[in-house]
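What follows is a short report on a single structure.
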Amino acid sequence: KDKNTLIESSQPKETFEDVGGLDEVKKKIKMSFILPLQQPEFFQAYGKEAGGSLLLYGPPGCGKTYLAKAIAGEIDANFVHLELQAILSMYVGQSEHNLHDVFEKAREQKPCVLFIDELDALGGNRHNMRQHHERMLVNQLLIELDGLHSFNEQVYVIGATNTPWYLDPALRRPGRFNHLVFIPPPTLEERETILSLKAQGKPQESLNLNKLAKKTNHFSGADLGQVIQDAIDVVLQKSLEVGELLPLTNDSLLKALKGRKPTTLEW
Ligand code: ATP
């Protein structure tokens, strides 16, 4: 992490294969975001403008951050993660300054995916001081976004929010966050895929993940990962006790599921 711990930077190894399900979303992102970067001449020939930024929205824990990392992995870019809430909690002036630093940092590391989380923090619609602060930060963000666009920098901005309806409309204009993509909770089939991705490579006996998927309606990818992790923790501890590697079992997974509630319903 950077000096002020706001800027986390990495070189993600994840690709689309690590993200379970979301096939339509991946296709759309390839067409609207990745291919225009890789083969701009095709898009220009048909009058399609390359560039602009992606805005991912949907309930928490369903893969927005994970997908953004995988996009960086797909195009071999660095990944800079900015949590807007942290910037917003600073003093007026300092916030704008830091936002600028983050964009600078992303430019230094190009090609780079700059992931801006919690965009809804800039929603407005709260008490006055706060609104003023937010507006200042929105303005700074617009300056930075437009700057990237006009200099054709290899910094690709992906925003995320749980509540797109709170977003400042200025952020949605062409060239800014103009591609809006919904990241929904996983379907039954997708839950099975995510569960198997999370259990992959761990000691296991033949698992009936379809059954577990059926019992986890409305669970997010993060919820599912947590169930597997909880089961692993129990099996690992037992393994250490007996001194041999015990497998994950259906029973251990069902026990881990007990008492867990899906988190996407509150959205
Ligand atoms: P928030 O809105 O709370 O920031 P998010 O949508 O950004 O949530 P992520 O941080 O991407 O959620 O997901 C949390 C974790 O859940 C990921 O690190 C990943 O392990 C797991 N996960 C979520 N969705 C998927 C998926 N489709 N495939 C595989 N893993 C997933």
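The values are calculated or read from the model by the stated rules, or taken from the named source; none is laboratory data. Note that the coordinates shown come from a computational prediction; the quantities given were computed from them, not determined experimentally. A quick note on method: Cβ atoms are made from the backbone with ideal geometry, for glycine too, and the neighbour counts reach across all protein chains shown.
Scoring E8 on the criteria (1) within 15 Å of the ligand (Cβ to nearest atom); (2) in a strand (DSSP E or B); (3) surrounded by fewer than 20 Cβ atoms within 10 Å (Cβ to Cβ); (4) at pLDDT 85 or above leaves a single failure, condition (4).
Sort out which residues of region 40-58 are over 16 Å from G21 (Cβ atoms) and outside any helix (DSSP H, G or I), and write them in order of number.
Of everything in region 40-58, those that are over 16 Å from G21 (Cβ atoms) and outside any helix (DSSP H, G or I) turn out to be Y46, G47, K48, E49, A50, G51, G52, S53, L54, L55, Y57.
Residues in region 240-256 that are within 34 Å of the chain's Cα centre (by Cα) and free of Cβ contacts under 8 Å to residues at least 40 places away in the same chain: D251, S252, K255, A256. When G21, G61 are checked against the criterion of being assigned to a loop (DSSP other than H, G, I, E, B), within 16 Å of the ligand (Cβ to nearest atom) and within 14 Å of the chain's Cα centre (by Cα), G61 stands alone in meeting it. The residues of region 198-248 that are among the small types (G, A, S), away from the ligand (no atom under 14 Å from the Cβ) and outside any loop (DSSP other than H, G, I, E, B), listed by number, are A231, S239. Among residues that are modelled with pLDDT of 95 or more, at negative phi and surrounded by fewer than 21 Cβ atoms within 10 Å (Cβ to Cβ), L236 is included. Would you check if there is a residue in region 179-197 being on the phi > 0 side of the Ramachandran plot and away from the ligand (no atom under 16 Å from the Cβ)? No: zero hits. The helices (runs of 4 or more DSSP H) found entirely in region 64-175 that carry 2 or more residues being surrounded by fewer than 18 Cβ atoms within 10 Å (Cβ to Cβ) and within 16 Å of the ligand (Cβ to nearest atom) are 84-88. Of the residues making up region 176-192, those that are hydrophobic (A, V, I, L, M, F, W, C) and either within 10 Å of G21 (Cα to Cα) or not in a loop (DSSP other than H, G, I, E, B) (or both) are L180, V181, F182, L188. So which residues in region 19-45 are among the small types (G, A, S) and under 17 Å from C62 (Cα atoms), if there are any at all? Listed by number, the residues that qualify are G20, G21. Residues in region 24-39 that are in a helix (DSSP H, G or I), out of contact with any strand residue (DSSP E or B) (no Cβ under 8 Å at 6 or more places or on another chain) and among the polar types (S, T, N, Q): 1 in all.
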